[in-house]
Amino acid sequence: MKFTKYPVMPAPWKLNDKYFEKFILNADIQSKITDLAAKINTDLAGKKPVFIVVLNGAFIFASDLIKKITIDCEIAFVKLSSYKGTQSSGVVQQIIGLDLDLKGRTIVVVEDIIDTGLTLDIFLKTLAEMEPAEVKVAACLLKPEPFKARFPVDYICFSIPNEFVVGYGLDYDGLGRNSEDIYKIV
Ligand code: IMP
């Protein structure tokens, strides 16, 4: 018997009530991270930067990025949160961490995704009170459309449309962080 061969469409990923489809492959993420790390290594050579990783979402991106940083650096973690489900709550709910003296230091804040920019905007104001020499922002993803804040995003892997994404550390209601690829909502 002969069957017509259709191209195999990957099944969407179901997380609770929502479906997601593959969007950015890990190989492409790694290649962007290699370029980004090379730029940071050049820009911040001799400055001994402190990478401040914003938990939870940035843990995978930060791990991949920082493994490719070859200059002397320190790493610290903070936890901020303004999301419930697929919408920003507009309120930064938690700030945990940061017992380092950041006065006079070069800081690189490492974020998974910048959407409205509200979460980071508030955090950057808190950081400024600690009198660092300079603060850079590195993010895996940026959504330029909803971005409302004024701070510069110095290092970015991908600018994406205003759609909800999961995977590579990003979650939907706690699920989906464990995928090596990034998915977008269907
Ligand atoms: P912002 O304050 O609107 O920029 O949101 C920043 C935080 O919201 C990020 O660090 C993520 O944790 C979360 N977030 C924003 N957009 C998405 C998304 O598309 N998927 C998953 N989390 C997101």
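The values are calculated or read from the model by the stated rules, or taken from the named source; none is laboratory data. All figures in this text were calculated on a predicted structure; none of them were measured in a lab. Heads up, the Cβs are rebuilt from the backbone with ideal geometry, glycines too, and the neighbour counts pull from every protein chain shown. Side chains included, ligands, DNA and RNA excluded: accessible areas come from the protein's heavy atoms. Shrake-Rupley method; radii C 1.70, N 1.55, O 1.52, S 1.80 Å.
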Within segment 37-68, the residues that are open to solvent by 10 Å² or more (accessible area, probe 1.4 Å) and closer than 17 Å to V135 by Cα are K39, N41, T42, D43, A45, G46, K47, K48, I66
Condition test on K103, is it surrounded by fewer than 16 Cβ atoms within 10 Å (Cβ to Cβ), at pLDDT 95 or above and either over 17 Å from F59 (Cα atoms) or within 11 Å of the ligand (Cβ to nearest atom) (or both)?
yes
Identify the residue in segment 137-186 that is within 9 Å of the ligand (Cβ to nearest atom), closer than 20 Å to A62 by Cα and in a loop (DSSP other than H, G, I, E, B) and, among all such residues, is nearest to the chain's Cα centre (by Cα).
G169
Given (1) surrounded by fewer than 16 Cβ atoms within 10 Å (Cβ to Cβ); (2) more than 18 Å from L80 (Cβ to Cβ); (3) more than 10 Å from the ligand (Cβ to nearest atom), where does K125 come up short, assuming only one miss?
(2)
Quick check on segment 154-186: of everything there that is touching a Pro at 6+ places or on another chain (Cβ under 9 Å) and within 20 Å of D17 (Cβ to Cβ), which residue is surrounded by the fewest Cβ atoms within 10 Å (Cβ to Cβ)?
V186
Looking at segment 110-169, which of its residues are touching a Ser or Thr at 6+ places or on another chain (Cβ under 9 Å), over 19 Å from L36 (Cβ atoms) and of a type outside the set (D, E)?
T116, L118, T119, I122, P132, A133, P146, K148, A149, F164, V166
Here are some conditions: (1) open to solvent by 60 Å² or more (accessible area, probe 1.4 Å); (2) of a type outside the set (D, E); (3) more than 14 Å from I107 (Cα to Cα); (4) free of Cβ contacts under 8 Å to residues at least 40 places away in the same chain. Q30 meets all but one. Which one does it not meet?
(1)
